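Below is one structure, written out as structure tokens, with a few remarks after it.
The values are calculated or read from the model by the stated rules, or taken from the named source; none is laboratory data. Not measured: the values here are computed from a predicted model. Neighbour counts run over all protein chains shown; Cβ positions are idealised from the backbone, glycine included. Areas reflect the complete protein model, heavy atoms only, side chains present, ligands, DNA and RNA absent. Shrake-Rupley method; radii C 1.70, N 1.55, O 1.52, S 1.80 Å.
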Amino acid sequence: MEKYAKDVPEHRCFSIIFKDQRKNLDLIASSEVDANHWVSGLGKIIAKTNSMSQRQKLQHWIHACLRKADKNKDNKMTFKELKNFLKEVNIQVDDNYARQIFEQCDTSQTDTLEDDEIEVFYKLLTEREEIGRLFSRYSDAEQVMSVDNLVRFLREEQREEDAGPEMARSLIERYEPNETSRPP
């Protein structure tokens, strides 16, 4: 930022620092008041994100993937866009079965899915009662499965006698899409 902000008062400058590999984003506001508004607003977004439940974080992640898959940005999902979404969230499904569910969810009869239709489609495709019961049995009250609980699940349900904390951490690190759910 120094290169571009030599003559700019420091109180108009602020940076957004990302957790991942991306570079910091250095910004210059038009005034000190604007800079304070930006910093305050970003602080509120961070606080809100940190206070979200696991379910809310999952819904947020799904909606972000849906927006990314909505190529023409019309807030409607064609079957082709939904197939791209499924790839994005690592769900492999037979095209005929996906088409059948798509048509079942298209209650507006527009050959696109909108709003609630998209959520119903996702739930029909991904929610399985028996998996939900197992997850509830092995997770805590917050619907989060700890490393210890995953080890217990692997040993009791999957019959993985060699399962231990190291294996559980490795599985979580590899397959958990939500970074904040990963163990430290």
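Overview of values
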item: Surface share of carbon and sulfur [accessible, 1.4 angstrom probe, percent] for the range 36-179; result: 48
item: The range 8-152, dipole about Cα centre (Lys/Arg Cβ +1, Asp/Glu Cβ -1), debye to the nearest 20; result: 500
item: Efficiency of FRET between ILE17 and LYS44 - r from beta-carbon atoms, R0 22 angstrom, step 0.05; result: 0.85
item: Centroid-to-centroid separation of the range 79-96 and the range 1-68 [C-alpha atoms, Å]; result: 31
item: Fully extended contour minus Cα-Cα distance, from GLU127 to LYS71, at 0.36 nm per residue; result: 17.6 nm
item: Förster radius 45 Å - calculated FRET efficiency between ASP162 and GLU119, Cβ distance, rounded to 0.05; result: 0.70
item: Cα→Cβ-extended label distance, 7 Å offset, between LYS57 and ARG155, nm; result: 2.6
item: Protection proxy ranking, peptides 43-49, 147-153, average beta carbon neighbours within 10 Å, highest first; result: 147-153, 43-49
item: Residue-averaged [θ]222 nm for the chain, counting only DSSP H segments that reach four residues, each worth -39500 (n - 2.57); result: -16500 deg cm²/dmol
item: Inter-label distance, nm, simple model (7 Å from Cα along the C-beta direction), THR110/VAL8; result: 4.1
item: Listed pairs LYS19/LYS68; LYS23/LYS44; LYS23/LYS48; LYS83/LYS123; LYS19/LYS57; LYS23/LYS76 exceeding 26 Å between Cα atoms; result: LYS23/LYS76
item: Mean separation of Cα contacts under 8 Å (6+ apart) over length of the chain, as relative contact order %; result: 12
